[in-house]
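See structure below.
The values are calculated or read from the model by the stated rules, or taken from the named source; none is laboratory data. Quick caveat, the model's predicted, so the values are computed rather than measured. All Cβ positions, glycine included, derive from the backbone under ideal geometry; neighbour counts span all protein chains shown. We work out accessible area using only protein heavy atoms, side chains counted, and drop any ligands, DNA or RNA first. Shrake-Rupley method; radii C 1.70, N 1.55, O 1.52, S 1.80 Å.
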Amino acid sequence: MTDAPQETDGSSPEARIADGRSTRRGRLKIFLGAAPGVGKTYAMLEAALQRAADGVDVLATLVETHGRAETDRLLRGLPMLPRRPHFYHGHILQELDLDAVIARRPYLALIDELAHTNVPGSRHDKRWQDVEEVLDAGIDVYTTLNIQHLESLNDVVARISGVRVRETLPDRVLEMADEIELVDLPPEELIERLRQGKVYLHDQVARAIQNFFSKGNLTALREMAMRVAADRVDAQMLDHMRTHAIAGPWPTHDRIMVCINEAPVAKALVRAAKRMADRAHAPWLAVHVISSSSEALPEAAKNGIAETLRLAESLGAEPASVNADVDIAEELLALARSRNVSRIVIGRPRPRRLLAFLTRESVSETLLRRADAFEVTVVAAEREEPGQTPIGPGRIHVEKDPKTYLMATGIVAGATLAAFGIDRILPVASLSLIFLTGVLLTATRYGLWPSLYAATISFVAYNFFFTEPYHTLLMHRRDDLLTLVLFYAASLLAGNLAARLRNQAVAQRRIARRTGSLYAFSRRLATAASQDDLVWAAVSNIAAVLRCEAMILSPDQEGRLKIDGAFPPRDDLEVRERSAAEWAWQHGQAAGWTSGTLPSSRWLFLPLKTALGTQGIIGVTFERGARLAPDDRRMLDAMSDQIAVAMERHRLASNLEQARVYSETERLRAALLSSVSHDLRTPLVSIIGAASSLVEADGPLGPAGRRQLAETIREEGERLDRYVQNLLDMTRLGYGALKLRRQPSDLRELVGAAIRQLGSSLAAHRVELDLDADLPPVDVDPVLMAQVFANLLDNAAKYAPAGSVIAVAGRAAGDMAVVAVTDGGPGIPAEHRDRVFDMFYRVAATDTQRAGTGLGLAICKGIVEAHGGAVRATEPPPPGKGTRMEISLPLAFGDAARE
């Protein structure tokens, strides 16, 4: 099977849809009929022609005339879109060209037969999904539908007409219609149209009238169509009342709970519950019981449960599950009470069988007996689906593996030999306990049916070898007969109980394994240090737990999905798989395998959604022929939720860090601009002013005046040079480009050079030096370290009052030299002492605060730490006034210098 040629350009269909999508969602009008031939397509074309006459852009994208001349005549009056050919099993089939419809973008599109099933390999399974996509593109749609195609009415239509309709659609599709027009025709007129050959060919008319198109069937279908249309009108009225806050009775309606299991009647239960919920305008939920029995079901039964749950969810039910083994009915009733359920829907209990005492009362029977506070609706199985079972785990699944019965035979043989030995050595009257032990061992190892087999052959062996007359199956003593009967009954009961315990233990181990897997999975996600680690932990764990291939995709900067990680590793997808992934990303819904969109894809793609939006797409694929069991789907959903939350957490942390860096960058930028605009401009103004006085002086300045102005220019130039040097030093520190030229340097010379460099900045203060006479030289870059002392002294001069003392003291401490610069200024509050070494940070300004870039102390810290030293701000004694800047530097001949 191959499709017609796909798109040849590099963009996906969904990308082209997104390019042309309108912010307005299209309106849907459904022409609803009770049966084929009532004139739905004819009525749709008449309405479309009227819209076209009013100037509306109408396009007949797909209209089925079925060879009817009147319909053909109407269709010719409208522009038509060519259909898209699909090659399937050697035939060319024509389908709706969805991409062409969206590219053409008419105002109104005519798409006939809403319930139609598309050719395998199409983008969507059903035509109603194509219609949804057209509506999302902002295009209005007219379409047609027969009442028997509604999923919730499928069983009812089958009982009325005897024909099971295979093409169905969820009831929610009808609910999303903006307008429904009922196309009605009395049964007599429809039958007359049939006889005239206006519906089917003449050779099919007689058979159609005898079967589906009998008057009774048409009357019932007509009533159903009218009722559905009336319910829809009532729902629209309620929506109108709520929208416009119209007062009215708003009573709390019923809440319905339907119990399902692996029985074929389960789908009929779901459809019945949907009809009840629609009539009562009530929410409803579909409940499945997880027990040791359900864990032991064959794969076909588990697949049936999964299909039933998907059907319920597609019809609008809320899926739920209950973990129970001992008292399932009580767990169901507890759930019903907690969810405020008023009505419980169950299947009709089957007649009790011979071994009913082994399986206890069915869950349906127990619910009927205990549910006093609930309305219980019992739904009978259809006659066409024989072999129905009651809801609940009362069904016995026979073990068919011959090895288990062979092992049971061996265990009984061993018990017989043991009984022979004990009877010879130590004759006892309770040899049956040895056989009972064998039965219990068989039950715990191999389950119920092998244990029943072991009990039966134990009964025969005990009778044959240990009751008189020996080696016959006859019994002469009544007490032997009673012993054997009681032994057999005890074996059956004990085997049944042991088998149940075994099943429960197996189920608990599986549940514990799943819980442990989820816990380990959450731990791995929580400890992932980066987004890449998170993705790899996610895909590798999902692949290991579900025994599948897994991948995670997210959009790149251009909006195109890319593979973030896959297990086993891969870096590309086929065209069909990529289209499914893009559809899942665009719509936030599952796509691909087992879904309703692009089901021919081998991969199932699920959106990773959180409250903040879709974080990415997760894709899984299994071996061909495998089915996704309900437990595996729940596990996948749980893992997907955890992955989505973890990805959101990492992205929020990344965004927060980016915001912090941006905020810090903005703060530094603003500080730098302030420094350039004010602190660097101040010495320039002084230089320009002094230079202008020299140039523009009217009278003679004299040598003293010229010298004073030149001194001002020199001092302010040196000050400007220090500011610029600070900026350059900070840049080199930030980029790690600061090169140290270490050499043994005398601290007295370094401090003296700084004092000479500052010149007039220290003229109003007295600098006192208190350096130990035997202080060894330090291992530093003398030029950079002189800059450090200049910055410290300049900072002290800014804030110390005029005439105060600035003290510089130094001493040796181990292999480090500690130098302290102390001023008598206002001091630094304790909470600011660590931050004053940050770039551009300054303690709250006052009117008397001197200008500065806020870089001096940051540069001091960077240079000192580059030498292996440290700097800190403290409070000098006595406390309460002044600041003490203390730096430690490595001595030239100490251990710190040798490192």
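Entry remark, segment 37-70: residues being under 22 Å from I102 (Cβ atoms) and either at pLDDT below 90 or of a type in the set (D, E) (or both) number 2 in total.
Looking at segment 603-616, can you tell me whether even one residue there is out of contact with any Asp or Glu (no Cβ under 8 Å at 6 or more places or on another chain) and either of a type in the set (V, I, T) or modelled with pLDDT under 80 (or both)? Checked against the condition, which is being out of contact with any Asp or Glu (no Cβ under 8 Å at 6 or more places or on another chain) and either of a type in the set (V, I, T) or modelled with pLDDT under 80 (or both), segment 603-616 yields at least one hit.
Listed by first and then second residue, the pairs with beta-carbon distance under 8 Å, at least 6 apart or on different chains, first residue in segment 592-613 and more than 16 Å from A629 (Cα to Cα) and of a type in the set (V, I, T), second assigned to a loop (DSSP other than H, G, I, E, B) and at pLDDT 80 or above, are T597/R123; T597/D125; T597/Q589; T597/A590.
Residues in segment 570-583 that are part of a loop (DSSP other than H, G, I, E, B), touching a strand residue (DSSP E or B) at 6+ places or on another chain (Cβ under 9 Å) and of a type outside the set (A, V, I, L, M, F, W, C): R570, D571, D572. Residues in segment 311-320 that are open to solvent by 50 Å² or more (accessible area, probe 1.4 Å) and closer than 12 Å to I260 by Cα: P319 alone.
Mind checking which residues of segment 28-63 are out of contact with any strand residue (DSSP E or B) (no Cβ under 9 Å at 6 or more places or on another chain) and open to solvent by 10 Å² or more (accessible area, probe 1.4 Å)? Of everything in segment 28-63, those that are out of contact with any strand residue (DSSP E or B) (no Cβ under 9 Å at 6 or more places or on another chain) and open to solvent by 10 Å² or more (accessible area, probe 1.4 Å) turn out to be E46, Q50, A53, D54, G55. Being on the phi < 0 side of the Ramachandran plot and under 31 Å from the mean Cα position of the chain (by Cα): is that true of S152 here? So S152 passes the test. If the condition is being part of a strand (DSSP E or B) and in contact with a Pro (Cβ under 6 Å, 6 or more places away or on another chain), then segment 55-74 contributes only L59. Among the residues of segment 167-179, those identified as surrounded by fewer than 20 Cβ atoms within 10 Å (Cβ to Cβ) and either in contact with a strand residue (DSSP E or B) (Cβ under 6 Å, 6 or more places away or on another chain) or not acidic (D, E) (or both) are E167, R172, M176, A177, D178, E179.
Does segment 75-110 hold any residues that are part of a strand (DSSP E or B) and either in contact with a His (Cβ under 7 Å, 6 or more places away or on another chain) or among the β-branched types (V, I, T) (or both), and which are they? Answer for segment 75-110, where residues must be part of a strand (DSSP E or B) and either in contact with a His (Cβ under 7 Å, 6 or more places away or on another chain) or among the β-branched types (V, I, T) (or both): I92, L93, E95.
Open to solvent by 30 Å² or more (accessible area, probe 1.4 Å) and part of a loop (DSSP other than H, G, I, E, B), is that true of E113? So E113 passes the test. Of the set (1) buried (at least 18 other Cβ atoms within 10 Å of the Cβ); (2) in contact with a helix residue (DSSP H, G or I) (Cβ under 7 Å, 6 or more places away or on another chain), all apply to R578 but (2). Residue pairs whose Cβ atoms lie under 9 Å apart, sitting 6 or more positions apart in sequence or on different chains, and linking a residue in segment 69-96 that is at positive phi to a partner that is not in a strand (DSSP E or B), are H89/M1.
Note on segment 618-632: among residues that are in a loop (DSSP other than H, G, I, E, B) and in contact with a Ser or Thr (Cβ under 9 Å, 6 or more places away or on another chain), the one that is surrounded by the most Cβ atoms within 10 Å (Cβ to Cβ) is L628.
Within segment 544-564, the residues that satisfy the criterion of being open to solvent by less than 10 Å² (accessible area, probe 1.4 Å) and among the small types (G, A, S) are A550, S554.
Scanning segment 252-295 for residues that are over 18 Å from P349 (Cβ atoms), among the aliphatic types (A, V, I, L, M) and assigned to a strand (DSSP E or B) yields I256, L285, A286, I290. Residues of segment 297-310 that are under 20 Å from L169 (Cβ atoms) and open to solvent by 20 Å² or more (accessible area, probe 1.4 Å): E307, L309, R310. Looking across segment 29-53, the residues that are aliphatic (A, V, I, L, M) and under 11 Å from D112 (Cα atoms) come down to I30, M44, L45. So, E330, is that one out of contact with any Pro (no Cβ under 6 Å at 6 or more places or on another chain) and either buried (at least 16 other Cβ atoms within 10 Å of the Cβ) or not hydrophobic (A, V, I, L, M, F, W, C) (or both) or not? Judged against the criteria, E330 is a match.
Across segment 16-36, the number of residues qualifying as within 18 Å of L135 (Cβ to Cβ) and at pLDDT below 85 comes to 9. Would you point out which residue out of Q615, Q557, Q586 is in a helix (DSSP H, G or I) and under 24 Å from N655 (Cβ atoms)? Of Q615, Q557, Q586, the one residue that is in a helix (DSSP H, G or I) and under 24 Å from N655 (Cβ atoms) is Q586.
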